[in-house]
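This report refers to the structure that appears directly beneath it.
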Amino acid sequence: MKERLSEPAPVALRSAHWQVLEMPLVRPFTTSFGTERRRRVLLLTLTGQDGESGYSECVAGRDPYYSSEDTVTVEHVFRRYLLPALARIAGAASPRRFLAEAERIRGNPMAKAWVEMALWDLGARSQGTPLSRLLGGTRRRIEVGVSVGIQRSPAELVRTVAQYRAQGYRRIKLKVEPGRDRIFVEAVRQAFPEARLWIDANQAYRGEHVDSLARWVRDARVELVEQPFPEDALRLAAGLARRLPRGSLLCLDESIRTTEDLESALRLGAVGAVNVKPGRVGGLLCARAIHDLARDHGIPVWCGGMLETGIGRAHNLALAAGKNFLLPSDLSASDRYYAEDLIDPPFRLGPGSTLEVPRGAGIGVSPEPLRVRKYLRREARWKFPQASPDPVGSARESSRGSS
Ligand code: OSB
Ligand code: MG
């Protein structure tokens, strides 16, 4: 079933305001690429000439361990290239016009997505429409799961999973790496015989691991294996995919940056599911293109997360409202990540391991100014000149504390 995508009408921009926040996580999050204790949140507010604002959050991490971008490269590319690109279309800004203007800037999908997603929110709010509806989504509740970081011991992992299960999460994704995998996952399987168990290695395995992986994944009844090998190692992924039992999917996250990547993976038989993250692939238009191609090939997708606050989570929920998001997404309640979210009320887990898609215009939620102040480190503003064809503007910057 195809969903219609309607793009928002272009909006004349008045200003861009970006803020750098430091938000402590409720508990450290360990993956095969490192441990995160707090997240540096880049928040963007684009305001139109009529006073309406659109928001977005960048998914880049503090370090380039998950992918090549980090929060410093994003800010550099944003100030030096993306903001001027935005200024050139400021008279009539839309996601598609922005991406066309930014096309000659290679790579940097997280930086581009940061701008593109704010334009979606601004455009949707300006016409009073929920973003989920523009994206063609019809579902009001999204089935979600929780992504659990690597723990010190199997017993500790079982205790942590028990807490999430008690909160109502049905599908549990366990982060793994060589050496902290089989006995950890088997302990969880033994404690929760009925749980839907997924694993995510964030590229940590190599060719030498294929045999043992195929064996213990089958024995522990793991339903989905996410990004076991390096992002470009599609042949390894295809090799493992061939050896997984029926009912167990090889899922790609970091490997699928574009529709071309997905085409290559399809040709090789290296993909059974895709974790689509708009903030990672260059925004909602790119995410939808990947989603559409997967759908046309009968490949189920789901929406991943990057420990976003309620702002980034709301964009993800709007996308995941599409009915071809057939697998439970990594969109947990606010309290899984932050003691205090930037939005109020926070996202709460609903019946049947679900989150509700906001009904309001745009992403349907807004950052609470007092909360933003509390975690703010630095901010800067750019005013777009009114109806001037030249990419000139004025940047003002203020600092609070260290960066
Ligand atoms: O690989 O899916 C991932 C978090 C940060 C970076 C990469 C990943 C993740 C997660 C967390 O798994 C998902 C979430 O936001 O709940
Ligand atoms: Mg992943």
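Structure notes:
- Pair list, Cβ under 7 Å, 6 or more apart: the range 193-205 residue in the same structural domain as residue 249 (by TED's automatic domain parsing) and on the phi > 0 side of the Ramachandran plot, other residue of a type in the set (Phe, Trp, Tyr) and assigned to a loop (DSSP other than H, G, I, E, B): 202/33; 202/66; 203/229
- Any hit, the range 209-227, residues being under 28 Å from residue 164 (Cβ atoms), aromatic (Phe, Trp, Tyr), assigned by TED's automatic domain parsing to the domain that holds residue 302 and within 14 Å of ligand 1 (Cβ to nearest atom): no
- Count of residues meeting criterion [open to solvent by less than 10 Å² (accessible area, probe 1.4 Å), more than 18 Å from residue 207 (Cβ to Cβ) and either of a type in the set (Gly, Ala, Ser) or away from ligand 1 (no atom under 15 Å from the Cβ) (or both)] in the range 249-259: 0
- Enumeration of residues in the range 304-317 that are under 26 Å from residue 263 (Cβ atoms) and more than 10 Å from ligand 1 (Cβ to nearest atom): 315
- Residue that is open to solvent by less than 10 Å² (accessible area, probe 1.4 Å) and not β-branched (Val, Ile, Thr), where the choices are 67, 56: 56
- Tally, over the range 287-312, of residues that are under 15 Å from the mean Cα position of the chain (by Cα) and within 16 Å of ligand 2 (Cβ to nearest atom): 11
- Qualifying positions in the range 198-208 - of a type outside the set (Lys, Arg) and more than 15 Å from ligand 1 (Cβ to nearest atom): 207, 208
- Long-range neighbours under 6 Å by Cβ, at least six apart or interchain, first residue more than 12 Å from ligand 1 (Cβ to nearest atom) within the range 330-347, second in a loop (DSSP other than H, G, I, E, B) and modelled with pLDDT of 95 or more: 341/309; 342/309; 342/367; 343/365; 344/368
- In the set 262, 236, 240, only one residue is more than 16 Å from ligand 1 (Cβ to nearest atom), open to solvent by 50 Å² or more (accessible area, probe 1.4 Å), outside any loop (DSSP other than H, G, I, E, B) and modelled with pLDDT of 95 or more; that residue is 236.
- Looking across the range 308-346, the residues that are open to solvent by 20 Å² or more (accessible area, probe 1.4 Å) and part of a loop (DSSP other than H, G, I, E, B) come down to 323, 324, 326, 327, 339, 340, 344, 345, 346.
- Test: residue 352 is crowded, with 21+ Cβ neighbours inside 10 Å and at positive phi: no
- Qualifying residue in the range 273-282 (condition: surrounded by fewer than 18 Cβ atoms within 10 Å (Cβ to Cβ), without any contact (Cβ under 8 Å) to a residue 40 or more places away in the chain and either more than 16 Å from ligand 1 (Cβ to nearest atom) or within 20 Å of residue 147 (Cα to Cα) (or both)): no
- Residue 246 passes every criterion in (1) assigned to a loop (DSSP other than H, G, I, E, B); (2) under 27 Å from residue 336 (Cβ atoms); (3) open to solvent by 40 Å² or more (accessible area, probe 1.4 Å) apart from (2).
- For residue 62, the test of being open to solvent by 30 Å² or more (accessible area, probe 1.4 Å) and either under 18 Å from residue 308 (Cβ atoms) or within 16 Å of ligand 2 (Cβ to nearest atom) (or both) is passed.
- Screening 162, 204, 166 for residues that are open to solvent by 10 Å² or more (accessible area, probe 1.4 Å) and within 14 Å of ligand 2 (Cβ to nearest atom) leaves exactly one candidate, 204.
- Residue among 267, 257 that alone is basic (Lys, Arg) and more than 15 Å from ligand 2 (Cβ to nearest atom): 267
- Boolean, residue 299 is open to solvent by 10 Å² or more (accessible area, probe 1.4 Å), more than 10 Å from ligand 1 (Cβ to nearest atom) and of a type in the set (Val, Ile, Thr): yes
- Evaluating residue 361 against the criteria (1) at pLDDT 95 or above; (2) in contact with a helix residue (DSSP H, G or I) (Cβ under 9 Å, 6 or more places away or on another chain); (3) open to solvent by less than 20 Å² (accessible area, probe 1.4 Å) leaves one unmet condition, (3).
The values are calculated or read from the model by the stated rules, or taken from the named source; none is laboratory data. Because the structure is a prediction, the values reported are computed rather than measured. When we count neighbours, we look across all protein chains shown, and the Cβ atoms used for this are built from the backbone with ideal geometry, even at glycine. Heads up: the accessible areas ignore ligands, DNA and RNA and are worked out on the full protein's heavy atoms, side chains in. Shrake-Rupley method; radii C 1.70, N 1.55, O 1.52, S 1.80 Å.
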